Amino acid sequence: MKRILGIALTMVIAATQVQAQEYVDLHYTFNKGEQFELEQKSRSETYMTVNGAQRRTTRDYNNIIVIDVKDVIPGKAILSFYYKDLKFNFNAKNTNIAVDAKGPESTEPFQAGLKNILKKPFTVELTSTGIITKIDGLDDLLEGAESAFSNLKKDEQEAYKKLMKDQFGTEAFRSWLEQLLVMYPAHGIKTGTQWEENVPMRGGLVGSVDLYWNLQTWDAQTAKVGGTAKIKTDKVQTITVDDDIKATAEISGSTQSQYLINRSSGLPNICVQNMELNGSYKYKANRAKGIKKDIDVPVKIITNASYKIKQMK
């Protein structure tokens, strides 16, 4: 009888252990003094058709960002970010900018502007579940960098400031980081679990981003996570697009992501993302801009990106 009870008890314990092993707790865990390097390679293409003529704008990023863990408090980490290497190419209708912030001196003002932000830190507060609660110092950093444009004509200064803010300002950076970092559930999950969050669109467009993730596989060191971001603009909100034109936007689409998560930190070792958005702008009539009446401007945006994060110390 005792032997039967012992066997039964062993089976219950084993079943409990197996059940416990089915669940994994994913979250961000840092130690003060740790350092990571994030390598970004991405290309974004925007196609617009204005009065029957197609316009193509491309943006290429090839950057290395250093992340230092400055402080860790219960449920939150204070991370210091700075650009170690910054290469940016921008091609539009009348503009062609190729910048390597660490390259030789150039007559291109944007290179001097980006060189001014190289190796200058700003902070990000990140909760253990991946919510960004604060970004400090980035806009001040960009304002200081704008001194590189002081000798330009006023309209050129404004154009460069807008480009700098649209690509590297706080709202643009936060939007990018929110879609790069997985926001984890507060409880343990098992293979096949899906969870979601919602964040507002940030930067130039107004709308919402519904973020969905699913746990594909995991082991003691890593976890594979798939992600989908469903993006939709608010079609009644007025925004400002290129050339200071007022418009509304009815644009939607999605980003597909694949993550290989390092369970030790919660950061992705590797992330690959592909985004496609489609829709249209409605340019508001503006005789000063040569727009006699409201016009629909079809738009398509395609972005392909890859990221690698490795721990340096």
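The numbers here are math on the coordinates, done by the rules we state, and not lab data. Not measured: the values here are computed from a predicted model. Using ideal geometry, Cβ is built from the backbone for each residue, glycine included, and neighbour counts are taken over all protein chains shown.
Within the stretch 74-173, list the GluC sites (Glu not before Pro) lying in a DSSP loop whose Cβ has at most 12 other Cβ atoms in a 10 Å radius. Each step should come with its number before you reach the end.
Working: sites: E105, E125, E143, E146, E156, E158, E171; in loops: E105.
When the GluC sites (Glu not before Pro) of the stretch 74-173 are filtered for loop state and at most 12 Cβ neighbours within 10 Å, E105 remain.
Given the Cα-Cα distance of K308 and Y212 and 0.36 nm per residue of separation, how much length would full extension add, in nm?
Once the chain is fully extended between K308 and Y212, it gains 32.5 nm.
Within the stretch 155-187, which residues have the backbone N less than 19 Å from the label spot 7 Å out from Q258 along Cα→beta-carbon, could you tell me?
180-182, by backbone N distance to the label point.
Net charge within 12 Å of E37 by Cβ-Cβ distance, Lys/Arg positive one each and Asp/Glu negative one each, not counting E37 itself? Walk me through the numbers before you get to the answer.
Working: positive: K84, K308, K310, K313; negative: E34, E39, D68, D85.
Counting the neighbours of E37, the net charge comes to 0.
Only helical DSSP H runs with n ≥ 4 go in: add -39500 (n - 2.57) per run for the chain, normalise by residue count and round the 222 nm mean residue ellipticity to 500 deg cm²/dmol.
Details: 5 runs with 61 residues, N = 313.
Helix contribution divided over all residues of the chain: -6000 deg cm²/dmol.
Using the Kirkwood formula over every pair of different C-alpha atoms, what hydrodynamic radius in Å results for the stretch 77-175? Provide the component values of the computation, followed by the final result.
On the way: mean 1/r = 0.0695 Å⁻¹.
Averaging 1/r across every pair of different Cα atoms and inverting gives 14.4 Å.
Considering every Cα-Cα pair within the stretch 25-311, what fraction, in whole percent, is farther apart than 35 Å? Don't skip to the end; give the middle numbers.
On the way: 8504 of 41041 pairs.
Counting pairs separated by more than 35 Å, the tail of P(r) holds 21 percent.
Which ordering of H27, H187 is given by a fewest-first count of other beta-carbon atoms within 10 Å? Walk me through the numbers before you get to the answer.
Numbers: H27 16, H187 9.
The most exposed by this proxy come first: H187, H27.
With a cut-off of at most 11 other beta carbons within 10 Å, and DSSP calling the residue loop, which trypsin sites (Lys or Arg not before Pro) in the stretch 253-291 qualify? Please list them.
Numbers: sites: R263, K282, K284, R287, K289; in loops: R263, K284.
Here no loop site has a sparse enough neighbourhood.
Over the alpha carbons of the stretch 121-162, what is the largest minus smallest coordinate on each principal axis, giving the biggest first in Å?
46, 16, 8
Working from Cα positions, state the angle (0 to 90°, nearest 10) between the long axis of helix 2-21 and the longest principal axis of the chain.
Once rounded, one gets 0 degrees.
Hey, can you grab everything whose amide H is under 5 Å from the amide H of T193? Only 5+ residues off in sequence or another chain; H modelled, so Pro and N-termini drop out.
For T193, whose amide H was placed from the backbone, the distant partners under 5 Å are L215.
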